[in-house]
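Q: Below are the C-alpha cells for one structure; questions will follow.
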Amino acid sequence: MNNTDRGSTRLDRLVDADFANAQRSAFLKGLLALLLNRPIHLLSFHEVQGSLDEEVYRGIRTIEVARIVGSVNRYQDFDRSFLPIRTSGAERWKRVDRAHYESIELPPPILLKVGDVYFVYDGHNRVSVARLHRIETLQAEIIECLARVALDGKLAPLHLTGPSLNHALR
C-alpha cells in the first residue's frame, strides 16, 4: 500500500465518521425536539409559496449559512440543523465531505431567498457539510422570492398558513 492509498483510506474513515456523527447528532436533536414538542424537519418551501409574489435572480452572493432554514423538496431528509436524517443519501453526502477536506471547489448551492431566510433548491449536501464544519458563510446562487410577509429563521410551518399568515398579511 502506497502513501496515497493510506491517505485515501484515512480520509475514507474520516468522512465515514463525519456522516455517522452527523446522523447521531440529528437523532439526538430529534429526540430532544420530540420531548420539547418542537419541529424536527426543515421548513418546507411549499408552506410559504402561497405568500410569494415574484422571483428575482440575484446572482452569486455570500450568505450566512445560519440563515438557511428550509428546502424546496428535501425538507424531510435533514433536521433543523441541516444534519442528515436518512442514510439513503450517505454516499453523496460523503463525496461532498471528502471534497471539503480535499479543498475541492464545488458549484455553489442554489438558494431561494424569502425575506431574511433561504431555502435550498439544489445543494443540500453542500449546505449540510458546511453546517457540520461550522462554516459561517458560503457563496450561493440566489433567487429572491418577494414575499407579502416578512420571514425569519424562527418561524414554524404553523406560522406560515391559516390565521397566523392571514393576520400577518393585513
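Readers should treat all values here as calculations from the given coordinates under stated rules, not as data from a laboratory. A quick note: this is a predicted structure, and the numbers were derived from the prediction, not measured.
Q: Taking H placed 1.01 Å from N in the peptide plane, check which residues at least 5 places from Ile68 or on another chain put their amide H under 5 Å from its amide H.
A: Those lying under 5 Å, H to H, from Ile68 are Tyr118.
Q: Considering amide H positions built from the backbone, and no H for Pro or chain starts, which residues 5 or more places from Leu83, or on another chain, come under 5 Å of its amide H?
A: none
Q: Using amide H atoms built in the peptide plane, which far-off residues or other-chain residues are under 5 Å from Val48 H to H?
A: none
Q: Here's something else I'd like to know. I need the phi-derived Karplus couplings for region 85-92: 6.51 cos²θ - 1.76 cosθ + 1.60, θ = phi - 60°, integer Hz, Gly and Pro marked x.
A: 9, 9, 8, 4, x, 4, 5, 5
Q: ³J(HN,Hα) across region 63-79 via Karplus (A = 6.51, B = -1.76, C = 1.60, θ = phi - 60°), whole Hz, x for Gly/Pro?
A: Residue by residue, region 63-79 yields 10, 7, 4, 5, 7, 8, 10, x, 9, 6, 9, 10, 5, 8, 8, 9, 8 Hz.
Q: Now, a different point. Per residue of region 16-23, what does 6.51 cos²θ - 1.76 cosθ + 1.60 with θ = phi - 60° give for ³J(HN,Hα)? Whole Hz please, x for Gly and Pro, Karplus curve as stated.
A: Once rounded to whole Hz, the list reads 4, 5, 4, 5, 4, 5, 5, 5.
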